[in-house]
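Read the structure below first, then the notes.
Values quoted throughout were computed directly from the atomic coordinates according to the rules given, and no laboratory measurement underlies them. Quantities reported herein were computed from a predicted structural model and do not represent experimental measurements. In this analysis, Cβ positions are derived from the backbone assuming ideal geometry, glycine residues included, and neighbour counts consider all displayed protein chains.
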Amino acid sequence: MQYLHTMVRVKDLNISLSFYCDALGLVEVNRYDSEKGRFTLVFLAAPDDIERAKQDKAPLVELTYNWPTKDGESEDYTNGRNFGHLAYRVDNIYSTCHALMSKGVIILRPPRDGHMAFIQSPDGISIELLQKGDNLSPEEPWVSMENTGSW
């Protein structure tokens, strides 16, 4: 068995791509538009997984955008508790969280322990960020920062 991808339905493809690519740093490696099915699939990889993703088509996040109906209506998606979160390892959790905050991303669970943080996509998908290697020494403003929302 081999892990391939996680599919996430998104309401606005441009807003989601801005979040996943511009803010979080994932890279688009493939896209498929289905006129007949009226949907777009965009496959994203973490920067260190690009070559593997292109070769093996894994590990990926698949953004599924179902086109609006002919009357312009878009489907609203709700999140069930059966889906937990996506997780990514980062080189420096503090600089990653700082960069995300500078792009308007809210840190739901700050990296107070120098190890773990949670953010949320525009569609309410929780994303865990984990420090590569040993935990970083506790630093402000993270140590004093309160949790926001839920993840």
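For VAL10, what charge total do you get from the other residues with a beta carbon under 15 Å from its beta carbon, if Lys and Arg give +1 and Asp and Glu give -1?
Computed value for this residue: -4.
In square nanometres and to one decimal, what's the mean projected area of the convex hull around the Cα atoms of segment 84-151?
That works out to 4.2 nm², a quarter of the Cα hull's surface.
Taking segment 5-66 on its own, what percent of its Cα-Cα pair distances exceed 13 Å?
Of all Cα-Cα distances in segment 5-66, 59 percent exceed 13 Å.
What is the calculated FRET efficiency for SER150 to MET7, with r their C-beta to C-beta distance and R₀ = 25 Å, to the nearest 0.05?
Working from the Cβ atoms, E equals 0.70.
Would you tally the net charge around ASP123, using a Cβ to Cβ cut-off of less than 14 Å, leaving ASP123 out, and scoring K and R as +1, D and E as -1?
Around ASP123, the charge tally is -2.
Restricting everything to alpha-carbon atoms, can you work out Rg to Rh for the chain with a Kirkwood hydrodynamic radius?
Rg/Rh: 1.00.
Let me have the 222 nm mean residue ellipticity of the chain computed from DSSP H runs of 4+ only, each contributing -39500 (n - 2.57), with the sum over all residues rounded to the nearest 500.
-3500 deg cm²/dmol
For segment 144-150, take each phi angle, set θ = phi - 60°, evaluate the Karplus expression 6.51 cos²θ - 1.76 cosθ + 1.60, and give the result in whole Hz per residue in order, putting x for glycine and proline.
Those phi angles translate into 8, 6, 7, 5, 10, x, 9 Hz.
What percent do you get for the relative contact order of segment 22-151 when only Cα pairs under 8 Å and 6+ apart count?
19
Rounded if a/c is under 1.5, else prolate if a/b is larger than b/c, else oblate: which is segment 47-113, with a ≥ b ≥ c the root eigenvalues of its Cα gyration tensor?
Since a/c reaches 1.5 but b/c is at least a/b, the shape of segment 47-113 is classed as oblate.
Of TYR77, TYR3, how do they rank once you tally other Cβ atoms within 10 Å and put the fewest first?
Listing TYR77, TYR3 from fewest to most nearby Cβ atoms yields TYR3, TYR77.
Under 5 Å between amide hydrogens, which residues at least 5 positions from HIS5 or on another chain qualify, with H placed 1.01 Å from N in the peptide plane?
LEU60
Which of the lysines could a cross-linker span from LYS70 if the Cα-Cα distance has to be under 18 Å and same-chain partners fewer than 8 positions apart are dropped?
By straight Cα distance, LYS70 reaches LYS11, LYS36.
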